[in-house]
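Notes for the one structure printed next.
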Amino acid sequence: RRLTVLTRLSFFDTDSFASRLFQYEHDVPGVVTNRALFGRGERWYLLLAWQPASYLRLTTKFAATIREDVDAIGSGPDRIEGHLDRRVRVQVDMQL
C-alpha cells in the first residue's frame, strides 16, 4: 500500500465536561490521540499516509473540532476565540 486514507466525522451533545465522551483517533506514527468531547458540536479528521519509497513515509493529519455552544474554546494561553479549533500535523519518517 502506497497511500492510506483514514477519516472520521463525529457528532456529540453532552450536558457538561463531567459527561464528556472520549474518542480514540488514528494519528501520525508514535502519537496516541484520545480526545475528550463535550458540549455540542462535531469533530472530524483526515489522515493521509503516503509511502513513495520503501525507506520514506509522509503522514499528515488534518483535524477540526467545531463547538456550536461556545464563543471561545479553551482558557488562558490556549484560548481560541471562536468556535473552531483546527490542527494540522505533519511527520516524515526516513530509514537510513
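The values are calculated or read from the model by the stated rules, or taken from the named source; none is laboratory data. None of these values were measured; they are calculated from a predicted model. Glycine also receives a Cβ, built like all others from the backbone with ideal geometry; neighbour counts cover every protein chain displayed.
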Please state which of the following conditions residue 8 fails to meet, knowing it meets all the rest: (1) over 11 Å from the mean Cα position of the chain (by Cα); (2) surrounded by 10 or more Cβ atoms within 10 Å (Cβ to Cβ).
-> (1)
Flag for residue 63 being small (Gly, Ala, Ser) and out of contact with any strand residue (DSSP E or B) (no Cβ under 7 Å at 6 or more places or on another chain) | no
Modelled with pLDDT under 95, out of contact with any Gly (no Cβ under 9 Å at 6 or more places or on another chain) and closer than 22 Å to residue 95 by Cβ, is that true of residue 53?
-> yes
Search segment 51-78 for residues that are over 22 Å from residue 34 (Cα atoms) and pair each with any residue that is acidic (Asp, Glu) and exposed (fewer than 11 other Cβ atoms within 10 Å of the Cβ) when their beta-carbon atoms are under 9 Å apart and the residues are at least 6 apart or on different chains.
-> 71/81
Qualifying positions in segment 8-35 - of a type in the set (Gly, Ala, Ser) and either at positive phi or in a loop (DSSP other than H, G, I, E, B) (or both) | 16, 30
Output the residues belonging to segment 1-20 that are in contact (Cβ under 8 Å) with a residue 40 or more places away in the chain and among the aliphatic types (A, V, I, L, M).
-> 3, 5, 6
